[in-house]
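What follows is a set of notes on a single structure, which appears directly below.
The values are calculated or read from the model by the stated rules, or taken from the named source; none is laboratory data. This is a predicted model, so every value here is computed, not measured. Positions of Cβ are backbone-derived with ideal geometry, glycine not excepted, and every protein chain shown enters the neighbour counts.
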Amino acid sequence: MIDKKTELNKPTPSIANKSFGIISNFFFLVSAIILIFCYLLFFKVKINISPSLVSTFWTLFIVYVGRKEAIRWFCHVSSNRYGELFFYAFALSYLLMEVISSINSGYVTPLVLKRMIIPLLSGFGITETDKAIYTYFKKKKNETA
């Protein structure tokens, strides 16, 4: 059980926000690079997306999502919605590429994006469910208080 009276359990904005800011900025940078590469591949520019870049993306994704959920549950702080915007960018890009490739067979959605969209959708669904569960328990706690 977390004792809310101790100073150790309070988030330290200078350390927590700074380290999370660095992680999230790096995550968004890697995400943008991968998405740009996917568009380049879609428009038939000959490039290769390094498997280590994709591995870096998934590592940062797990750290980013885990950190946001931990902050929500243990610090009772809801953070910004940049993660949702990132997901919408990937989902919209995927949908757009699939529609175009359905209309014009000369275009093909990059395989790397096809492989990424289901785990991204799953992660988004899990975090949205977690957010709803947290809100439910917070509401119940406020009703009983």
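Per-structure values
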| quantity | calculated |
| --- | --- |
| Conditions (1) within 20 Å of the chain's Cα centre (by Cα); (2) hydroxyl-bearing (S, T, Y); (3) surrounded by fewer than 14 Cβ atoms within 10 Å (Cβ to Cβ); (4) in a helix (DSSP H, G or I): number failed by Y134 | (3) |
| Residue count for the range 59-92, restricted to those that are touching a residue at least 60 places away in the same chain (Cβ under 8 Å) and part of a helix (DSSP H, G or I) | 7 |
| Flag for K139 being over 17 Å from F27 (Cβ atoms), in a loop (DSSP other than H, G, I, E, B) and charged (D, E, K, R) | no |
| Residues (over 18 Å from A89 (Cα atoms) and hydroxyl-bearing (S, T, Y)) located in the range 22-52 | S50, S52 |
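Results for (1) in contact with a Leu (Cβ under 6 Å, 6 or more places away or on another chain); (2) at pLDDT below 95; (3) surrounded by 14 or more Cβ atoms within 10 Å (Cβ to Cβ); (4) over 30 Å from F137 (Cβ atoms), shown as yes or no for each residue.
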site: L35; (1), (2), (3), (4): no, no, yes, yes
site: L40; (1), (2), (3), (4): no, no, yes, yes
site: V45; (1), (2), (3), (4): no, yes, no, yes
site: P51; (1), (2), (3), (4): no, yes, no, yes
site: Y64; (1), (2), (3), (4): no, yes, yes, no
site: R67; (1), (2), (3), (4): no, yes, yes, no
site: S102; (1), (2), (3), (4): no, no, no, yes
site: L121; (1), (2), (3), (4): no, yes, yes, no
